[in-house]
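*Asks:* Structure in structure tokens, see below.
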Amino acid sequence: MEDMIFYDRLQFAFTITFHYIFPQLTMGLSLMIVYFKWKYLRNNDEKYNDAAKFFMKIFAINFTMGVITGIPMEFQFGTNWAKFSELTGSIIGQTLAMEGLFSFFLESSFLALFIFGEKLMGQKLHLLTGFLVFLGSWASGWFILATNAWMQHPVGYEILDNGKFVLENFSSLFSNPWLLPAFLHNQFASVVTSSFVVASIGAFYILRKKQIEYGKLFLKTGVIFGLVSSVLVAFPTGDWNAKNVAKYQPAAFAAMEGIFETEEAGAEIVLIGQPNMVEKKLDNKIAVPNILSFLTHQDWNKQIPGMDQFKEEELPDNIPALYYSYHIMVGLGTIFIGIMALALFFLWRKKLYTFKPLLWFILFLVPFPYIANLTGWYTAELGRQPYLVYGLLKTSDGVSPTVSSGNTLFTLLGFVALYMLLGLLFLVLVGKTINEGPKLQKH
């Protein structure tokens, strides 16, 4: 049974990790495309229109890959997690269906119109189609996050005698106190990824002395969007999310912060340390006293429950993975703010375009927002364990009892091979698009 649960979780973790490489770019990039198109209508500068169409082609490639890799996860609800689907389907099925019915079709329909319909519609309607693509992509995130928010903090439900969950109040799905902070945090994090991608493409063009005017536009836009979004990810949205975890999932909060023992007079914030699960402590710890209590409760001496206050079965089942995921996310987010603030300073001093060390740094930094986004999701999902629906439905009670671990492992290996090919195809297509640049794609 344990092997079956392990492989079911591993397969879903792999497929959703690979899938989320693509939506995190499309959601943020759609906003930046609307900005470029709006700037074109305002300034009548053709560079902005070229930029909008150029990045919409990259958006389209990502969107296609996101659809291809998203479909298998829906089937996994029926194959690997049949019991979970049976018990909670009447609730999570509603938001997932709304995502597919409303958001996906809105996004895909107007994506085609934006790419092929500019001359037919005119510029103002072309901007409108871009905005509707943005609206569809962010609505998709809203419905997915509404589903996840209910799993993290279930509200408005009733459990029938047969164990099935039914919805008592439909509006509670969207007024869930977990939803808005998680949505805003996730969306601004996607803007961080998109900003770094745009800035890195700009740095690439400048360093290669190719399409330099577009390179300067992309770099400037990416840096400004990147700094603003990086700050918003940290505060207020990140702070708001952390307070929700502390309030609704205190065991997960203690684990991700590395609090093994409750401190009487205020909790310290750990900067560096390695969880020692044998001795129940952090090795080689560097921490600042009382800061965590202040950040969480605005009280320097407020007590925060440590892991010693919870039963073993209430704690996340992989504390080191949760702890490291959280600290990688926070550490990278802090670095992003510093790098983009430095780049904005050089931009203000009119030295950014000629300072090659920083250009190279921005170019090679592009994978790290993806890592930060993924570790952020790992933090949320590892923190919810050992539950599928927090406090109500254990992960071990949601798997499909008739699917063997061998079957799951076999299909997992198939997914790995297939996704390696898809990943290679994606890199070739995006690389070709970037190498051609916006100049060659404007007609």
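*Asks:* Which one of the conditions (1) more than 24 Å from PRO177 (Cα to Cα); (2) open to solvent by 20 Å² or more (accessible area, probe 1.4 Å); (3) among the hydrophobic types (A, V, I, L, M, F, W, C) does ALA242 fail to meet, given that it meets all the rest?
*Replies:* For ALA242, the exception is condition (1).
*Asks:* Please specify each residue of the stretch 386-438 satisfying the condition of being of a type in the set (Gly, Ala, Ser) and in contact (Cβ under 8 Å) with a residue 12 or more places away in the chain. Lay out the reasoning, then the answer.
*Replies:* As a first pass, look at the stretch 386-438 and keep what is of a type in the set (Gly, Ala, Ser): 391, 396, 398, 400, 404-406, 414, 417, 423, 431, 437.
Across the stretch 386-438, the qualifying residues are GLY391, SER396, GLY398, SER400, SER404, SER405, GLY423, GLY437.
*Asks:* For the stretch 108-148, enumerate the residues that are at pLDDT below 90 and closer than 30 Å to ALA380 by Cβ.
*Replies:* If the condition is that a residue be at pLDDT below 90 and closer than 30 Å to ALA380 by Cβ, then SER108 is the only one that fits.
*Asks:* Are any residues in the stretch 110-128 without any contact (Cβ under 8 Å) to a residue 12 or more places away in the chain and either of a type outside the set (Lys, Arg) or closer than 18 Å to ILE58 by Cα (or both), and if so, which ones?
*Replies:* ALA112, PHE116, LEU120, MET121, GLY122, LEU125, LEU128
*Asks:* Further question on the same structure: Looking at the stretch 353-378, which of the residues that are assigned to a loop (DSSP other than H, G, I, E, B) and touching a residue at least 40 places away in the same chain (Cβ under 8 Å) is nearest to the chain's Cα centre (by Cα)?
*Replies:* Checking each candidate, the answer is VAL366.
*Asks:* Using the structure shown, decide if LYS285 is touching a residue at least 12 places away in the same chain (Cβ under 8 Å) and not in a strand (DSSP E or B).
*Replies:* Numbers: touching a residue at least 12 places away in the same chain (Cβ under 8 Å): yes; not in a strand (DSSP E or B): no.
No, not satisfied.
*Asks:* Here is a follow-up. Return the only residue of THR433, THR379, THR395, THR354 being under 20 Å from GLY202 (Cβ atoms), open to solvent by less than 20 Å² (accessible area, probe 1.4 Å) and of a type in the set (Val, Ile, Thr).
*Replies:* Only one candidate passes the filter, namely THR433.
*Asks:* Out of (1) crowded, with 18+ Cβ neighbours inside 10 Å; (2) more than 22 Å from LYS302 (Cα to Cα), what's the single condition that is false for GLY258?
*Replies:* With (1) crowded, with 18+ Cβ neighbours inside 10 Å; (2) more than 22 Å from LYS302 (Cα to Cα) applied to GLY258, the lone miss is (2).
Residue-by-condition table, conditions (1) open to solvent by 10 Å² or more (accessible area, probe 1.4 Å); (2) not in a helix (DSSP H, G or I):
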site	(1), (2)
ALA189	yes, no
SER195	no, no
GLY202	no, no
ILE206	yes, no
LYS210	yes, yes
GLY215	no, no
LEU219	no, no
VAL223	no, no
VAL228	yes, no
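*Asks:* A further question follows. Hey, does the stretch 282-304 have a residue that's closer than 21 Å to GLN152 by Cα and open to solvent by less than 60 Å² (accessible area, probe 1.4 Å)?
*Replies:* The answer is yes, given that some residue of the stretch 282-304 is closer than 21 Å to GLN152 by Cα and open to solvent by less than 60 Å² (accessible area, probe 1.4 Å).
*Asks:* Continuing with the same structure: Looking at this structure, is PHE131 under 30 Å from VAL155 (Cβ atoms), in contact with a helix residue (DSSP H, G or I) (Cβ under 8 Å, 6 or more places away or on another chain), assigned to a helix (DSSP H, G or I) and open to solvent by 70 Å² or more (accessible area, probe 1.4 Å)?
*Replies:* Working: under 30 Å from VAL155 (Cβ atoms): no; in contact with a helix residue (DSSP H, G or I) (Cβ under 8 Å, 6 or more places away or on another chain): yes; assigned to a helix (DSSP H, G or I): yes; open to solvent by 70 Å² or more (accessible area, probe 1.4 Å): yes.
Judged against the criteria, PHE131 is not a match.
*Asks:* Look through PHE104, PHE110 and report the one residue that is part of a helix (DSSP H, G or I) and open to solvent by 60 Å² or more (accessible area, probe 1.4 Å). Talk me through it step by step, then tell me what you get.
*Replies:* Details: PHE110 fails: open to solvent by 60 Å² or more (accessible area, probe 1.4 Å).
After ruling out the rest, the residue left standing is PHE104.
*Asks:* Which residues, counting only those in the stretch 42-55, are among the hydrophobic types (A, V, I, L, M, F, W, C) and either modelled with pLDDT under 95 or in contact with an Asp or Glu (Cβ under 7 Å, 6 or more places away or on another chain) (or both)? Steps first, please.
*Replies:* Of all residues in the stretch 42-55, those among the hydrophobic types (A, V, I, L, M, F, W, C) come to 51-52, 54-55.
Answer for the stretch 42-55, where residues must be among the hydrophobic types (A, V, I, L, M, F, W, C) and either modelled with pLDDT under 95 or in contact with an Asp or Glu (Cβ under 7 Å, 6 or more places away or on another chain) (or both): there is none.
*Asks:* I need the full set of residues from the stretch 366-376 which are surrounded by fewer than 20 Cβ atoms within 10 Å (Cβ to Cβ) and hydrophobic (A, V, I, L, M, F, W, C), in order please.
*Replies:* Hits for the stretch 366-376 are VAL366, PHE368, ILE371, LEU374.
*Asks:* For the stretch 382-392, which residues satisfy the criterion of being open to solvent by 20 Å² or more (accessible area, probe 1.4 Å), touching a Pro at 6+ places or on another chain (Cβ under 8 Å) and either part of a helix (DSSP H, G or I) or within 19 Å of THR147 (Cβ to Cβ) (or both)?
*Replies:* Selection gives LEU382, TYR390, GLY391, LEU392.
*Asks:* Take the conditions part of a helix (DSSP H, G or I), open to solvent by 30 Å² or more (accessible area, probe 1.4 Å) and among the aromatic types (Phe, Trp, Tyr) and apply them to TYR419. Does it pass?
*Replies:* No: the conditions fail for TYR419.
The values are calculated or read from the model by the stated rules, or taken from the named source; none is laboratory data. Please read these numbers as outputs of a predicted model, since none were measured by experiment. Methodologically, a virtual Cβ is constructed for each residue, glycine included, from the backbone with ideal geometry; neighbour enumeration extends over all protein chains shown. Ligands, DNA and RNA are stripped out before the accessible areas are found, and what is left, the full protein with its side chains, is counted by its heavy atoms. Shrake-Rupley method; radii C 1.70, N 1.55, O 1.52, S 1.80 Å.
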